[in-house]
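K.L.:
Before I ask anything, here is the structure I am working with.
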Amino acid sequence: MSSVAALEDAATELFLEQGYQNTSIDEIARRAGISRATFFNYCTTKSDVLWVDVDRALQSLDTLLGSATPLREALETVAAAHPRERIPLVASQSEAMGLGDELAASAGVRLERLRRSIAGSGVEQKDVWLVLGVIVEAVLSWARAPSPREELVALLEFQLQRIRGVLGQQSVATLF
């Protein structure tokens, strides 16, 4: 775990100092005090280091949903477990890091994973993208809010309530 944290810190520092495109995996590994091979034990690509917390959250969500936890409860559990002070910098510092198209490509992988999780949770097919958008909006609003920020669970609850009236009956039963 400390190597992952060191990778995150090293990558963030380098991306902010010299930009994403100008930073190599070798530089990240060197700054983190690990080998290039060890980097690939934790991350498949350079952009994966930006998404460590998000990937953990998605894995937790999948695990909870796989154990028959209702989507709403699973989302609340994952959101409550995320420390208020640990903001994914990919959400708040993407411009400063010069992420550009790389951000869109690496975010798309995570969005599709979340979409599949929602689709498999009992939400009606016609509502999956709407629910996905609400979750993403809640997380981005939370990440970009000034400190001290409210709990992510509260923001997620607020955003879900906003769409309750337009969801199908099965989706409402799944989420509320």
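K.L.:
Using per-residue counts of other Cβ atoms within 10 Å, averaged over each peptide, order 127-135, 166-174 from highest down.
P.N.:
Per-residue Cβ counts within 10 Å, averaged per peptide and sorted highest first, yield 127-135, 166-174.
K.L.:
What distance in nm lies between label points placed 7 Å from Cα along the C-beta direction at Phe158 and Ala105?
P.N.:
3.6
K.L.:
Using the Kyte-Doolittle scale, find the helices of the chain whose mean hydropathy is at least 1.6 and whose Cα atoms extend 20 Å or more along the helix's long axis, counting only whole DSSP H runs.
P.N.:
What comes out of the filter, once short or polar helices are dropped, is 128-144.
K.L.:
Within region 84-176, list the GluC sites (Glu not before Pro) lying in a DSSP loop whose Cβ has at most 10 other Cβ atoms in a 10 Å radius.
P.N.:
Sparse-neighbourhood loop GluC sites (Glu not before Pro): Glu85.
K.L.:
Assuming a ≥ b ≥ c are the square roots of the Cα gyration tensor eigenvalues, decide whether region 131-176 counts as rounded (a/c under 1.5), prolate (otherwise, with a/b larger than b/c) or oblate.
P.N.:
Taking the square roots of the gyration eigenvalues as a ≥ b ≥ c, region 131-176 is prolate.
None of the figures in this text is laboratory data; all of them are computed from the coordinates on show. As the structure is a computational prediction, the values presented were derived from the model and not from experiment. Virtual Cβ from ideal backbone geometry, glycine too; neighbours counted across all protein chains shown.
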